[in-house]
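> The structure follows.
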Amino acid sequence: MRFVLIFTLFCLFLLGFSSTGSAVGIQSSIYTSVYSYQFVNATNSGSEDHLWLFSGIRSQLSDLPLQSSFNTHFQYRGNHADQFSESGDFHLYSAYWQYGQWGSDTEFKIGRFFLYRGVGLGNIDGLEYTTDLSKYLGITVFGGIVSPDNHRFEISKGHSPIYGGEFRYSKLELHPFQRFMLKLSYADQYREGNEFRNNLGLQLFGRINAHWTILSNTQYRLLSQDIRTSSLRIRYASSKIIWFSDIGIYRPEISSSSWFRNFKLPKTTEIDAPIGIAVFPFSTRMQTIFDYYFVPAKWGFRTEATSYYSGNEGHRVGVACLTPYGQIGYQHSFGYLSKSNGPWISLYYEAFKQIHWYLRASSIQSEWEEVGIQTQTTRNFISGVRYTPNRFKFLTGELEYQYYSNPKLKRDGRVLGTLTYTFSQGITR
């Protein structure tokens, strides 16, 4: 009932505000989704039916005093099994006041928002301040408490404070780059009074010309004094060819109190390169992806090959046909890791700029003798249509069907229907 009251009052506020002709800009979308699904186990001994309701609002009030804006997104979820009462949850994804616009010399946020500053990543309840120190230098500082994982309208019970910052240097025409950017970030996070993460990050981006770019990202854990991740990606793109090479070290972030500490994790080096064999005496992953278009951005093909080596070998190869309507492909894995093969498709079609249809499906047969998994087939199917009428462009309806099956789950069928109402008033930019 609390959410119904808040939801109703907020909708009335937005609709009333939009009709006043105020100089303040408002842009909002109100949506309601119904999610119904049924699954039956492989032995036909039991099945379950569910009907979930999702209602939410995304809104932005702009052109407020001090060149500021207010952004919010919240949602209600409930299950028909208890008349949407006891299962009802109120989720707050964002609610923050922001001074300055994207690209301004100075920006300031306070509230609940998504933080994306190098090693500072995730939803927080706090503040962020960004300013340019000069034409080439900028700095950001942030601090707050990590939001609950379930996005509930409450302060995290784990009391997980986080603070840090980011230093940026960007310049055009820094030889040999047409554009160059370097970012140094730091984040310190605590959980229940103990230091949980204390990471330092370095990111470098460079555009050499219209075809070649490089991106380097390194994160160092100060607590354990080791590298969490370090990667270098080189990408080439033209009207007919897209290719990239990536080399890196990736290691999971596991807290000292985590149950996963019981497992030994090797120092895994991953190498994505335009070669398909393992030649290094340690754990490696090599991958090549090459797209070639006969007709630019329309018709072409893709080849992909990946090899893993860590005392034992595993390989995966795949091909795909690239079309103006999506991709159709086939993949095959073999070696020490699971053996699998099967086709997959990902298609879409747009008619009259009103109807958007999409389809994603796969049927993969797999086997992994080392862990006792015999031959089994997993099927996945998702298809949907989205419709926006010309006369009522503020309304969008979407209907989606999902199907999934494997040896333990005979059938898992799901239907999702969504209706979205979007409006804006007084937007000046």
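> Testing the spin-label approximation: label points 7 Å from Cα along Cα→Cβ at Ala237 and Lys393. State their distance in nm.
Between Ala237 and Lys393, the label points sit 2.7 nm apart.
> Then there's this: Pulled fully out, how much extra length does the chain show between Lys298 and Val34, if you take 0.36 nm times their separation in residues and subtract their Cα-Cα distance?
Stretched fully, the Lys298-Val34 segment lengthens by 91.5 nm.
> Quick one: net charge around Thr396, please, counting Lys, Arg +1 and Asp, Glu -1 for every other residue with C-beta under 14 Å from its C-beta.
+2
> Enter the per residue convex hull volume of the stretch 100-234, computed from alpha-carbon coordinates, in Å³ rounded to the nearest integer.
Roughly 127 Å³ of hull volume per residue.
> What is the local net charge at Leu133, summed over the other residues whose Cβ is closer than 12 Å to its Cβ (Lys, Arg +1; Asp, Glu -1)?
So the environment of Leu133 carries a net charge of 0.
> Could I have the simple spin-label model distance between Ser170 and Ser362, label points 7 Å from Cα toward Cβ, reported in nm to one decimal?
Each label point lies 7 Å from its Cα, and together they span 3.5 nm.
> Quick check for me: using +1 on Lys/Arg Cβ and -1 on Asp/Glu Cβ, what's the dipole size of the stretch 100-234 about its Cα centre, in debye to the nearest 20?
It works out to roughly 400 debye.
> Between Leu127 and Ser383, what FRET efficiency comes out of the Förster formula 1/(1 + (r/R0)^6) with R0 = 35 Å and r the beta carbon distance, rounded to 0.05?
That pair, Ser383 with Leu127, gives E of 0.20.
> Can you give the FRET efficiency for Ile227 and Ala351, using 1/(1 + (r/R0)^6), R0 = 41 Å, r = Cβ-Cβ distance, to the nearest 0.05?
0.25
> Same structure again: Of all DSSP beta bridges in the stretch 376-419, what percent run antiparallel (nearest 5)?
Just about 100 percent of them are antiparallel.
> All other residues with a Cβ under 11 Å from the Cβ of Thr418 taken together, and with Lys, Arg as +1 and Asp, Glu as -1, what is their net charge?
Summing Lys and Arg as +1 and Asp and Glu as -1 gives -1.
> Placing +1 on the Cβ of each Lys and Arg and -1 on the Cβ of each Asp and Glu in the stretch 100-234, which of Leu204, Ala187, Phe177 has its Cα farthest towards the positive end of the resulting dipole?
Going by the Cα projections, it comes out as Phe177.
> A further question on this structure: Sort 181-187, 104-110 by the packing proxy (mean of other Cβ within 10 Å over each peptide's residues), most packed first.
Answer by packing, highest mean first, reads 181-187, 104-110.
> At a threshold of 8 angstrom on Cα-Cα distance, excluding pairs fewer than six apart, so keeping six or more, what relative contact order does the stretch 100-234 reach in percent?
Once normalised by length, the contact order is 16 percent.
> What is the extension gain from Tyr93 to Gln376, computed as 0.36 nm multiplied by their sequence separation minus the C-alpha to C-alpha distance, in nm to one decimal?
Value of the extension gain: 98.0 nm.
> May I ask you to sort Tyr163, Tyr308 by Cβ crowding, counting other Cβ atoms within 10 Å and putting the fewest first?
Tyr163, Tyr308
Read the figures in this text as sums done on the coordinates, not as results from a lab. Everything numeric in this text was worked out from a predicted model, so none of it was measured. Positions of Cβ are backbone-derived with ideal geometry, glycine not excepted, and every protein chain shown enters the neighbour counts.
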